[in-house]
Amino acid sequence: METNTRRDFIKTTLTASLAVAIGSPVLLNGGAALAAVIPTEGTTGFAPLKFTQKPLKYAFNALEPNIDALTMDIHYTKHHAAYVKNVNDAIAAENIPYKTEADFFNNASKLSAKARNNGGGAWNHNFFFETLKAGASTGPEGKLKDAIVKSFGSVDKFKEQFSAAAASRFGSGWAWLVNDKGTLKICSTANQDNPLFDNAEVKGVPLLGLDVWEHAYYLKYQNKRADYIANWWNVVDWGVVSKRM
């Protein structure tokens, strides 16, 4: 009888303490009361990261003749959509705990190949499509132009070096312009890696990125990657790039 009384006393005390901690009455048994104040998956505190596919700001045919409508359609609705679906599936299946894209990439080396590759693909393509625009591209201006000239000598020299990085990337990958603590650098990454990855060879804030996977250009340019790169400059939205500075 004494043991039961002591047990009831502890249970009542725990429930009362929980009520004080959360500022409201707790009309539950001890176990349920504990569960009520411990967040579980699906609540605000434990909402999993979810990548999304940003809508395009232009029609599929808006970038012609530089990038054709069929390539844009397939690139966006098939390839990009698949990356977004696959990374979200991986996050759910593997219980990946990171809450933001920044945390996700800061831990890229710890992720499975499926999560890492598809997470990179989802983010990289949002970044890439956002950088493109219909109509004539005017070139960099203002602080961005000043930073490019300071880092590379001139805008033309920058384009030459960036184009070379894109053309020389063996197999599939990307070319990047990054801001590394105020210094602009050009680099390239394999597959769907990017400069935000914790194990990137060149780390920094991406300002400009060019997709040189064959799915980005092969329908129109076949094996002429250099022609694709040269024409891609015609649809770069330098206003977006400047905002990333």
Inside region 129-148, the number of residues satisfying the requirement of being buried (at least 16 other Cβ atoms within 10 Å of the Cβ), over 14 Å from Trp233 (Cβ atoms) and not charged (D, E, K, R) is 3
Note to self: Scan region 110-119 and tell me whether some residue there is among the hydroxyl-bearing types (Ser, Thr, Tyr), modelled with pLDDT of 95 or more, surrounded by fewer than 19 Cβ atoms within 10 Å (Cβ to Cβ) and in contact with a Ser or Thr (Cβ under 9 Å, 6 or more places away or on another chain).
What the structure shows: no
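Listed here are the residues, each with its yes/no results for (1) at pLDDT 95 or above; (2) farther than 23 Å from Asp237 by Cβ; (3) out of contact with any helix residue (DSSP H, G or I) (no Cβ under 7 Å at 6 or more places or on another chain); (4) outside the structural domain of Phe127 (by TED's automatic domain parsing).
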{"residue": "His75", "(1), (2), (3), (4)": "yes, no, no, no"}
{"residue": "His79", "(1), (2), (3), (4)": "yes, no, no, no"}
{"residue": "Ala82", "(1), (2), (3), (4)": "yes, yes, yes, no"}
{"residue": "Ile96", "(1), (2), (3), (4)": "yes, yes, no, no"}
Confirm whether Ala21 is at pLDDT 95 or above and either hydrophobic (A, V, I, L, M, F, W, C) or crowded, with 16+ Cβ neighbours inside 10 Å (or both).
no
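When you scan region 84-109, how many residues do you find that are part of a helix (DSSP H, G or I) and loosely packed, with under 13 Cβ neighbours inside 10 Å? Give the derivation first.
Going residue by residue through region 84-109, those that are part of a helix (DSSP H, G or I) are 84-93, 101-106, 108-109.
Remaining after also requiring loosely packed, with under 13 Cβ neighbours inside 10 Å: 92-93, 102-103, 109.
Within region 84-109, residues that are part of a helix (DSSP H, G or I) and loosely packed, with under 13 Cβ neighbours inside 10 Å number 5.
The values are calculated or read from the model by the stated rules, or taken from the named source; none is laboratory data. In this text the structure is predicted, and so the values were computed from the model without any measurement. Using ideal geometry, Cβ is built from the backbone for each residue, glycine included, and neighbour counts are taken over all protein chains shown.
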